[in-house]
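Following: one structure in C-alpha cells, then a few remarks.
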C-alpha cells in the first residue's frame, strides 16, 4: 500500500505538474515532494511531542538514573531504544536536541542517534524474509555495535564541547542545574503546549531551508543517476568496491525500511552482500540530508569526526561480511 506521502507526491508531480512517471525529472520531483512532506511532518510531530514531554520531565531524575548505571549499560540502553524506535535519521534529530537539553551525555545520545536510522522492526522483518536470520542478526548486532562504539568514542573525546553554542548552552544549563533551584510546580497542559510551540518554531526556523537543500541534492541524484551504475561498477567484489559503495551512498537518502527493497534489488543483480550492506548503511545513516540538518547543532569538527567514524565502520562491516558470506 502506498503511503499518504507517496500518493500526495504522485498527484502533485504527475497529475498537477504533468511530469511523466518514467522520466528522470519526474522521478526526481516526485522524490523531492514525498521526502520533504514526510520529513517536515515527522519533524513537526517529533519536536512538538518531545518538547511537550520535556516540559514536565524531571531532568535530575533522568540524569540520576543514568549516573547510577554502568556507562556501558547506558550506551546499550540508548542503542536499544534507537533500534526499537521507527525514526529516520532526520526525524531523530529532535530527539537528539531533547536529550542534550536534558543534560544527557552526548555519547549516550549519539548511541541512540546512530542506531535509530539503521534498525527498526519493519526493516528487520523485511530483511529476515530476504536473507534469513543469520544475516539479519549480523545486521542488527553491527548496527547496535556501531551505536555503542560511536557513543563511547564521542564521550572519550568530550564531544559536547563541539556542539553549536546554543546546543552547548542548553546542555550545560541542564547538566549543572541545581535541583533545589528547579521549579517544582506542575505545569498545566496549556503551559506545556506553549513551551512546545516555542520550541517547535525555534528549531524549524533553524533547519527548514536545510531540509529543502538536503532532500534536493538527494532527489537530483536519485532521479538522474543511471540505474545500472551500481551493478556495473561495484559488482566485482574487489576490496575497493566496499569503500566506493559507502561513498556512493552518501549523497542519497532513505530510511531503513525504504532501503530494504533497494538491498534486495542489488543482491538479485549480483552485488556482494557486504558491499550491499555497506552501501545501504551509508544511504541510511550518513546521507547529506542528515548531516546538513546536524550541522545546525554540531560544529564542522564534530560532524567530520562522526562522518569519518561512520564511513570506517560501514567499510569494515562490508569487508567482514564479504569475507564470511558468499552468495
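The numbers here are math on the coordinates, done by the rules we state, and not lab data. The structure presented is a predicted model; accordingly, all values stated were derived computationally and were not measured. When we count neighbours, we look across all protein chains shown, and the Cβ atoms used for this are built from the backbone with ideal geometry, even at glycine.
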*Would you please give the FRET efficiency between residue 201 and residue 308, computed as 1/(1 + (r/R0)^6) with r the Cβ-Cβ distance and R0 = 41 Å, to the nearest 0.05?*
0.75
*If R0 is 41 Å, what FRET efficiency do you get for residue 239 and residue 53 from their C-beta distance, rounded to 0.05?*
0.30
*Residues of the range 1-27 with amide N under 13 Å of a point placed 7 Å along Cα→Cβ from residue 45*: 3-6
*First measure r as the distance between the Cβ atoms of residue 323 and residue 72, then evaluate 1/(1 + (r/R0)^6) with R0 = 30 Å and state the FRET efficiency to the nearest 0.05.*
0.60
_Sorted peptide list for 187-197, 308-318, 104-114, 133-143, criterion being average Cβ within 10 angstrom, highest first_ = 104-114, 308-318, 133-143, 187-197
